[in-house]
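S.K.: Got a structure for you, written out below as structure tokens; questions coming shortly.
Bear in mind that the values in this text are calculations on the coordinates, not laboratory data. A quick note: this is a predicted structure, and the numbers were derived from the prediction, not measured. Positions of Cβ are generated from backbone atoms using ideal geometry, with glycine treated the same way; all protein chains shown enter the neighbour counts.
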Amino acid sequence: MVRDIVAGIDSSTQSCTVVLRRLEDGAVVGEARKPHPTTTPPRSEQSPHSWWDALWAAFGELSEFLPRIAAISCGSQGHGLVMLGEDGLPLRDAKLWNDTESAPDAMRLLERLPPREWAARTGSIPAAALTVSKLAWTERIFPGMVAKAKRIMLPSDYILFRLSGRVATERGISSGTGYFNPFKDSWDYSLAELAVPGIDWQSVLPDIIGSAEVSGPVQRIEGLEMLEGAAVGAGSGDNMTAALGMGIRKGDVVISLGTSGTYYGRTSVGIKDDTGSINGYADAANAYLPMITTLNSAKVTDAFRRILRASTGEFDELALATAPGARGLVLVPYLDGERCPNFPDATGTLSGLRSDVEPGQMARAAIEGVLCGLLEGGDLLESLGLERKGRLIVTGGASKSKAYRQILADLTGKPVWTCDVAEAAAAGAAVQAAAALLGRPTADVAEEWQPQYRIVAEPNLKAFDQAADVREAYRAAQRHATRREGR
């Protein structure tokens with residue numbers, strides 16, 4: 001049978017999604033999704049076995065296509081710490097990106113090396129999310145365990161290792177470890193040494209290969225024999241592969257509204273931020289993807305929908321029927337701690353409550369709080385050099401919400417765009433797989449397979465006139481929350 005399909009995997013916090021695309025033109029021909037175990041900070045951990053089981057089950061639903069798959073790659077949640085022993089099995093569950101237990105360890109790392117030096121060498125500074133902090137936490141809680149690790153890797157590295165047997169990684173996902181230099185595309189072993197001294201880091205960390213390279217062929221796997229011999233790509237982080245799937249260009253801004261929230265764009269020059277607000281990531285197309293990430297996004301409005309006992313549609317209607325500013329009700333949405341700004345132990349703050357509060361105010365305040373937090377980060381990114389003259393693109397589960405779309409347009413005064421790729425991270429991993437198979441740059445394939453875009457919300461000029469007041473009210477409430485946290 002002709003191998004004329006590529007497979008992209010999105011191994012996220014919530015689920016494993018596989019998207020199959022035709023090699024000829026990128027058309028989607030199949031899709032399957034299986035859940036991962038649920039997690040909630042401060043302790044957020046998953047067994048790497050569960051990721052593999054979900055992938056195996058997803059492939060099972062696509063069995064008729066397996067003989068046609070020519071190449072596979074994977075975009076995954078970033079930062080997660082996977083440690084394998086001599087037997088190739090995980091030493092413990094993977095500590096995920098949104099786990100905040102390592103916050104004290106991140107602070108200790110900053111005492112060992114100034115923030116400016118961390119930013120200069122990695123584009124970011126240690127926080128609970130980064131892998132370097134999770135390594136330090138592991139050594140503190142389980143002394144000697146890191147020394148037992150034969151291999152230390154990231155979630156996408158693990159999935160691709162199970163497929164090919166090779167331990168390899170690339171610049172996009174590795175730039176979130178805290179010990180990878182995205183400006184030189186190399187490991188910085190001395191930074192890993194600050195977390196756990198005395199480890200032969202050169203032997204335990206993955207090989208670094210190009211984002212468009214083949215790491216090897218799929219080995220023979222019981223139950224997935226029909227995949228044997230397919231090319232395995234380098235993998236990347238889910239935001240990096242999503243950028244490929246959406247075909248974003250310089251000047252475009254992407255706001256992802258999932259469990260977490262992200263705001264990012266492409267730059268040709270890396271951004272270095274020693275405040276800890278920005279992560280100066282590399283992308284999977286030989287450029288950079290500076291980003292701010294918030295822990296609290298769609299799950300905030302999920303929580304308020306539950307409180308109000310409203311369906312998604314009802315919640316949107318409540319929010320849109322309420323005037324901008326929610327009649328003085330302001331939410332600072334740090335419900336499960338926050339990553340940007342770095343308040344790992346914070347809780348949410350709802351200010352401006354009065355006895356005549358109505359459900360619509362709460363709905364509007366929840367959405368405005370999530371979006372204002374992301375837009376504050378976007379302003380900081382622009383001040384450091386991110387160009388924002390292109391499209392304002394929304395993606396992620398909550399991007400389908402009419403209220404999120406319209407309120408974002410009203411707060412920014414810009415039209416909001418979305419594309420017809422429902423699973424951008426998996427679709428982008430398929431782009432990466434095709435590039436590796438064909439020996440082409442990922443950016444070229446991403447441009448050829450670019451999805452169709454359309455405007456889904458235009459700013460209401462009357463509402464935009466009030467945007468500055470809404471954002472200033474949020475800043476005032478955020479400053480109050482910062483004082484409460486003693487920062």
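S.K.: Could you go through region 87-103 in sequence order and give the Karplus-derived ³J(HN,Hα) for each residue, using 6.51 cos²θ - 1.76 cosθ + 1.60 with θ = phi - 60°, rounded to whole Hz, and x for Gly and Pro?
M.R.: 3J(HN,Hα) across region 87-103, in whole Hz: 7, x, 9, x, 6, 6, 4, 6, 7, 8, 4, 8, 6, 10, 5, 8, 4.
S.K.: Of the listed pairs LYS34/LYS400; LYS414/LYS462; LYS95/LYS148, which have alpha-carbon separations greater than 19 Å here? Show your work: numbers first, answer last.
M.R.: Values: LYS34/LYS400 21 Å; LYS414/LYS462 13 Å; LYS95/LYS148 17 Å.
Too far apart for the 19 Å limit: LYS34/LYS400.
S.K.: Pop out the ³J(HN,Hα) list for region 430-443 in order, Karplus 6.51 cos²θ - 1.76 cosθ + 1.60 with θ = phi - 60°, rounded to Hz; leave Gly and Pro as x.
M.R.: 5, 4, 4, 4, 5, 4, 5, 5, 8, x, 10, x, 4, 4
S.K.: Quick one: work out the % antiparallel among DSSP beta bridges in the chain, nearest 5.
M.R.: 70 percent
S.K.: What is the angle, in °, between the Cα long axis of helix 48-61 and the longest principal axis of the Cα atoms in the chain? Nearest 10 is fine, range 0 to 90.
M.R.: Computed tilt is about 80 degrees.
S.K.: Using Cα extents along the principal axes in Å as the read-out, say which of [x] 65, 51, 40; [y] 64, 61, 48; [z] 103, 54, 46 was calculated from these coordinates.
M.R.: [x]
S.K.: Dividing the alpha-carbon radius of gyration of region 338-487 by 2.2 N^0.38 Å (N being the number of residues), what value is obtained?
M.R.: 1.27
S.K.: Angle check, please: helix 402-412 long axis (alpha carbons) against the longest principal axis of the chain (alpha carbons), in degrees 0 to 90, nearest 10.
M.R.: In the chain, helix 402-412 runs at an angle near 70 degrees to the longest axis.
S.K.: Hey, can you grab everything whose amide H is under 5 Å from the amide H of PHE180? Only 5+ residues off in sequence or another chain; H modelled, so Pro and N-termini drop out.
M.R.: Those qualifying (amide H under 5 Å, at least 5 residues apart or on another chain) are ASP188.
S.K.: Expressed in nm to one decimal, what extension gain is obtained for the pair ILE307 and GLN219 from 0.36 nm per residue of sequence separation less their Cα-Cα distance?
M.R.: On the way: separation 88, 0.36 × 88 = 31.68 nm, distance 4.90 nm.
Here the segment from ILE307 to GLN219 would lengthen by 26.8 nm.
S.K.: Could you compute Rg(Cα) / (2.2 N^0.38 Å) for region 10-130, with N its residue count?
M.R.: 1.33
S.K.: Between region 382-416 and region 446-487, how many Å separate their Cα centres?
M.R.: For region 382-416 versus region 446-487, the Cα centre distance is 7 Å.
S.K.: Amide H neighbours of LEU335 under 5 Å, counting only residues 5+ apart in sequence or on other chains, H built in-plane at 1.01 Å?
M.R.: GLY348
S.K.: Here's something else I'd like to know. For the chain, what is the mean residue ellipticity at 222 nm derived from helices alone (per DSSP H run of n ≥ 4: -39500 (n - 2.57); sum divided by total residues; nearest 500 deg cm²/dmol)?
M.R.: -11000 deg cm²/dmol
S.K.: Can I ask one more? Which of the peptides 51-58, 203-210 is most tightly packed, and how do the rest follow, going by the mean number of other Cβ atoms within 10 Å of each residue?
M.R.: Ranking, from highest mean packing down: 51-58, 203-210.
S.K.: What ranking do 410-418, 122-130 get when scored by the average of other Cβ atoms within 10 Å per residue, highest first?
M.R.: By packing density, highest mean first, the sequence is 122-130, 410-418.
S.K.: Work through the residues other than SER268 whose Cβ is under 13 Å from its Cβ and net out their charges, Lys, Arg +1 and Asp, Glu -1.
M.R.: Taking every Cβ under 13 Å from that of SER268, the sum is +1.
S.K.: Any chance you could give the angle, 0 to 90 degrees and rounded to 10, that helix 467-484 forms with the longest Cα principal axis of the chain?
M.R.: The answer is roughly 70 degrees.
S.K.: Give or take rounding to whole Å, what are the principal axis extents of the alpha carbon atoms in region 127-226, in descending order?
M.R.: 44, 32, 23 Å, listed from the longest principal axis down.
S.K.: Please report, largest first and rounded to whole Å, the three semi-axes of the ellipsoid equivalent to region 7-76, where each semi-axis is the square root of five times an eigenvalue of the C-alpha gyration tensor.
M.R.: Here the semi-axes work out to 26, 12, 9 Å.
S.K.: Further, regarding this structure: Using modelled backbone amide H atoms (1.01 Å from N, in-plane), which distant-in-sequence or interchain residues come within less than 5 Å of SER175's amide H?
M.R.: ALA282
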